[in-house]
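Report on one structure; see the data block that follows.
Every number in this text was worked out from the coordinates using simple rules, so none of it is lab data. These numbers come from a predicted model, not from an experiment. Please note: Cβ atoms are built from the backbone with ideal geometry, for glycine as well, and neighbour counts cover all protein chains shown.
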Amino acid sequence: MDVNNITYEPIAPEASIYEDVKKEKVSLDNVLVIFVSVERGDTLQMADQAVKDTEEFMRKLVRKTVLVYPFAHLSNKLESPSEAMKILNHMYKHFSNDYDAKKAPFGWTKKMSVDVKGHPLAEQSRSYGASEPQKIYKKVKPVEANTAIVRKSDWSGLPETDHRTLGEALDLYSFQEVSPSMVYWHPNGHIIYRELVKFIRELEEKDGYQETSTPVVANLALWHMSGHYEHYKDNMFMFETDMGHLGLKPMNCPSTILIYKSKKWSYRELPFRTATFDKLYRKEVRGALTGLFRVMELTQDDGHIFLMEGQVEEEVQRFLELVKTVYDTFGMRFVAKLSTMPDDHMGDAKLWEKATDSLRKALDNAWVKYEVKEKEGAFYGPKIDFDVYDSMGRAWQCATMQVDYQMPARFGLEYTGEDGKEHTPVIIHRAALGSVERFTAILVEHFKGKFPAWLAPTQVAVVSISEQVSEYAWKVYKKLVESGLRTSIDVSDRTLQYKIRDAKMKEIPYTLIIGRNEAESDTISVRMRNGTQKNRQKLEDFITGVKDEVARRHVPNEGV
């Protein structure tokens with residue numbers, strides 16, 4: 001993993017054998033981190049191959065520092081601590097011959113935070129087996145139905161603020177063994193997913209984007225053409241068919257380029273702004289997967305803008321405004337990072353300089369706070385990444401944009417200029433949320449499950465004090481549903497305290513209490529999630545107020 005920074009701190013020994021180290025925080029910048037999990041049967045020869053692969057990766061990225069990080073993932077096949085430590089020390093010794101090698105302490109529980117670089121090579125994974133190397137394409141023995149294990153992941157023991165704990169408590173999503181690290185969205189969670197996509201769609205439609213969708217499967221020739229096969233094949237799902245070698249798409253850009261390439265373009269038609277919400281598939285080592293933060297099936301709020309070189313600066317400014325609108329809505333602040341041309345890059349340095357100057361000018365004109373990361377751009381172009389800060393002060397790299405002169409040339413893209421000649425366009429790759437799955441995890445922890453009304457799976461709960469007012473409670477419920485508010489109702493014979501507590505446990509923003517006084521006066525009593533209550537309110541006034549709150553996507557202070 002190529003990171004801007006990794007910070008870790010040993011907390012307490014957890015293995016029978018552990019290294020004697022100080023309990024102090026360690027922070028490293030611009031380092032390649034190799035997370036190593038050692039299982040039974042792993043050998044020194046396999047470790048040597050891992051070192052060799054990592055060194056090749058470091059040469060591509062021009063990195064000088066490597067951190068070997070013991071990573072005991074959830075497995076029932078982990079090697080004994082003594083044998084695992086031998087392999088880790090062996091790898092560390094080999095790295096030390098040619099690089100500035102570091103090693104995180106073995107056998108300890110550690111706090112860790114990572115700021116990952118946002119380029120296609122930033123996160124790579126490998127698994128090494130004791131058997132002969134397998135071909136990329138292999139036949140898999142089908143699993144008989146009666147032997148399939150359908151079981152959710154066990155997230156017991158995690159902190160109450162963890163998105164996996166909150167997701168289970170609020171019935172948002174789950175992971176099943178039959179679909180490793182692919183999200184099963186429950187009705188409540190899918191509402192949040194849909195609302196996020198709806199939010200971005202609305203902003204993009206106002207900004208002139210046109211939505212596209214492309215097949216999830218493509219011939220590997222496409223990925224060879226784009227360069228992804230060379231740089232990303234180990235993270236792709238690939239298979240052989242009678243129609244050739246195919247792969248599930250890990251990124252949208254090559255397929256979107258084919259849409260542009262399907263017709264002739266004039267300068268008058270540019271910029272051509274596209275938006276895509278297709279599913280993407282990225283193969284990962286299972287031990288590196290963490291809830292919604294790292295999944296193998298994901299959705300990006302992906303966008304690709306095809307434009308003339310002279311339009312780059314203006315489009316960057318437009319995207320900066322969109323990013324500001326998005327994160328202001330969630331009550332999150334952000335800082336930008338401008339990453340310049342790396343030593344290992346594609347294309348002419350003069351074009352890189354033009355692209356970088358356009359990004360810098362746009363940031364300056366937008367009065368956006370930013371820092372410069374020298375030589376840390378993607379291999380095909382400079383980029384801006386955005387670190388977003390949640391309610392706990394943690395930084396997350398979410399939004400990103402890259403200016404690309406390379407893929408348009410590789411694919412032979414053209415447009416007819418004002419001079420009547422053919423010119424090559426530029427592509428801006430951009431995403432405001434990044435992965436919708438990952439951003440959902442951030443939001444769940446940011447709001448601690450207390451979603452604002454526009455995101456809340458259930459916005460209003462109607463509860464009756466007694467059976468005598470059930471008819472009026474149903475009348476209130478139907479009006480709320482007809483108004484478009486997501487509403488639940490409980491007219492059971494359970495106590496009012498139980499019903500209120502149940503709504504609170506589900507983090508429902510508003511609970512309407514219906515008793516005899518409310519039924520006789522044709523009013524409602526409104527209990528807010530923070531415990532305050534307003535009695536004898538007009539239902540129509542309440543509906544108008546909540547719908548306005550939802551339309552504005554208001555975030556109350558309780559959420560942040």
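Assorted remarks:
- Enclosing the Cα atoms of the stretch 158-238 in their convex hull gives a volume equal to 182 cubic angstrom per residue.
- Checked against a 29 Å cut-off, the cross-linked pairs K324/K538; K23/K64; K111/K450 give Cα-Cα distances beyond that limit for K324/K538.
- ³J(HN,Hα) computed for each position of the stretch 253-258 - Karplus, 6.51 cos²θ - 1.76 cosθ + 1.60, integer Hz, glycine/proline x: 4, x, 5, 5, 4, 5
- Where labels lie 7 Å past Cα in the beta-carbon direction, separation of T290 and D419 in nm: 5.1 nm
- Per-peptide average of other Cβ atoms within 10 Å, ordering 29-41, 379-391, 544-556 highest first: 379-391, 29-41, 544-556
- Percentage relative contact order, the stretch 2-116, counting C-alpha pairs under 8 Å, at least six apart: 44 percent
- Using the Cβ-Cβ distance between R516 and R486 with R0 set to 35 Å, the FRET efficiency works out to roughly 0.80.
- In degrees, nearest ten, helix 539-551 long axis to first principal axis of the chain (Cα): 10 degrees
- The calculated FRET efficiency for the pair V217 and T532, based on their C-beta separation and a Förster distance of 41 Å, comes to about 0.15.
- Residue (of A409, L322, Q397) at the positive-pole extreme of the stretch 187-447, dipole from beta-carbon charges: Q397
- Taking the Cα centre of the chain as origin and assigning +1 to Lys and Arg Cβ atoms and -1 to Asp and Glu Cβ atoms, the resulting dipole is close to 760 debye.
- Gyration tensor (alpha-carbon) shape descriptor, the stretch 2-116, a/c threshold 1.5: oblate
- Label-point separation, D207 to S113 (7 Å along Cα→Cβ), nm: 2.7 nm
- Nearest 10 degrees, 0 to 90: helix 44-61 Cα axis against the chain principal axis: 90 degrees
- Computing Rg and the Kirkwood Rh from the Cα coordinates of the stretch 187-447 gives a ratio, Rg/Rh, of 0.95.
- Sum of -39500 (n - 2.57) over DSSP H runs of 4+, divided by residues of the chain (222 nm, nearest 500): -10000 deg cm²/dmol
- For the chain, the relative contact order comes to 11 percent (Cα pairs under 8 Å, sequence separation of at least 6).
- Under-5 Å amide H pairs with G434, H placed in peptide plane, nonlocal only: D301
- Relative to the longest principal axis of the Cα atoms of the chain, the long axis of helix 187-206 makes an angle of roughly 70 degrees.
- Relative frequency of Cα-Cα separations exceeding 45 Å in the chain, percent: 24 percent
- Shape summary: the stretch 346-489 maps onto an equivalent ellipsoid whose semi-axes, from the alpha-carbon gyration tensor, are 50, 21, 12 Å in decreasing order.
- At R0 = 35 Å, FRET efficiency that the Cβ-Cβ distance of S96 and D357 yields, to 0.05: 0.30
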